[in-house]
Amino acid sequence: MEYRDPFATAQSGTQSKAAAYDLGLRAYMLKIYNYMASALALTGIVALVAANSPAFVNALYNVQGGQVVGMSGLGWVVAFAPLGLVMWLGFGINRLSVSAAQGVFWAYSVMVGLSLTSIFMVYTGESIARTFFVTAGTFGGMSLYGYTTKRDLSGFGSFLMMGLFGIIIASVVNMFMHSSALGFAVSVLGVLIFVGLTAYDTQKLKSMYYYVAGNSEAMAKSSIMGALNLYMDFLNIFLHLLRFMGDRK
């Protein structure tokens, strides 16, 4: 009878489980990134198509002499629709089916695209494309850091969330003050905060896999929510950077 070292057998089994875990984790993260990239593509296409539709532009905005001077009632509805959808998805994810959660996620991407129509009317296409690629490189680097670092970013994430609430309050205040200095400060802090949140959210998603692995429905819903978080990180980095890098028409 062939002798087998029980310690070697146990070690081999542990290595096999670790390899399977790594493969599952990579597949899980890849699904999240695919969701996110598809949503960004959908948002960009919708925004570009809508911006080139005079009927749609006139329905959303008050246009005088080719310049946007305000938003129509429908425009305000479109502007706030993404907030309603993201709250619906965030608070209702446990009650929604996977297909319903996907539907809300894609609807959110479309509504964000409609609400971003104005950037194609304000900034040149070249500067929008340039800012997008800078954002993609920044996001990719920080997400890779969040995935590979051994440092626990949970405390850092709590600090960033406090900063996020701070810039939201400052943005609301500046809607009435119209201060260029405060607007500049909010944009700078916004870039820094969402760059940091990219690493934090990536690490959090990596840790989440431990809890949802083996449960197909939980994994599917976690993938959608993970894609939503990273999508919002990317979008906010892009919009804040556009204020610096965007060339106005």
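Just need the relative contact order of region 19-245 here, percent rounded to a whole number, with Cα pairs under 8 Å and 6+ apart.
Details: 207 pairs, mean separation 65.4, N = 227.
Contact order relative to length: 29 percent.
If you take all C-alpha pairs in region 85-191, what percent of them are over 18 Å apart?
73 percent
Using alpha carbons only, how many degrees (0 to 90, rounded to 10) separate the axis of helix 154-177 from the longest principal axis of the chain?
10 degrees
For the modelled label position 7 Å from the Cα of V77 along Cα-to-Cβ, which residues of region 110-140 have backbone nitrogen atoms closer than 18 Å?
Once the point is set 7 Å along Cα→Cβ of V77, 110-117 turn out to lie under 18 Å by backbone N, inside region 110-140.
Through the Karplus equation 6.51 cos²θ - 1.76 cosθ + 1.60, θ set to phi - 60°, convert the phi angles of region 92-101 into ³J(HN,Hα) values in whole Hz; use x for Gly and Pro.
Once rounded to whole Hz, the list reads x, 4, 6, 8, 6, 6, 4, 5, 5, 4.
Using +1 on the beta carbon of Lys and Arg, -1 on that of Asp and Glu, and nothing else charged, what's the dipole of the chain about the Cα centre, debye to 20? Walk me through the numbers on the way to the answer.
Numbers: 14 positive and 9 negative charges, 16 e Å.
Dipole size: approximately 80 debye.
Pop out the ³J(HN,Hα) list for region 217-230 in order, Karplus 6.51 cos²θ - 1.76 cosθ + 1.60 with θ = phi - 60°, rounded to Hz; leave Gly and Pro as x.
Ordered by residue, 3J(HN,Hα) equals 5, 5, 5, 5, 5, 5, 5, 5, 5, x, 5, 4, 4, 5 Hz.
In nm, what is the difference between 0.36 nm times the number of residues separating Y210 and L144 and their Cα-Cα distance? Don't skip to the end; give the middle numbers.
Values: separation 66, 0.36 × 66 = 23.76 nm, distance 1.87 nm.
Net length gain for the segment: 21.9 nm.
Translational diffusion coefficient, Stokes-Einstein: compute it for region 20-81 using the Kirkwood radius over C-alpha pairs as Rh, at 25 °C and 0.890 mPa s, and state it as an integer in µm² s⁻¹. Please list the in-between numbers first.
Working: Rh = 14.3 Å.
The diffusion coefficient I find is 172 µm²/s.
Reported to two decimal places, what Rg/Rh ratio describes region 19-245 when computed on Cα atoms with Rh from the Kirkwood expression? It would help to have the intermediate numbers written out before the result.
Working: Rg = 18.4 Å, Rh = 18.8 Å.
Rg/Rh: 0.98.
Lysines within cross-link reach of K221: Cα-Cα under 28 Å, excluding same-chain residues under 8 positions apart?
K17, K31, K150, K204, K206
Please list, ordered by chain and number, the residues whose modelled amide H lies under 5 Å from the amide H of Y61; skip anything fewer than 5 residues away on the same chain.
Amide H to amide H, under 5 Å and 5 or more residues apart or across chains, Y61 pairs with S72.
Throughout, read-outs are computed from the coordinates displayed, never taken from laboratory work. Bear in mind that the values here come from a model prediction, so they are computed numbers and not experimental data. Cβ: placed from backbone, ideal geometry, glycine included. Neighbour counts: every protein chain shown.
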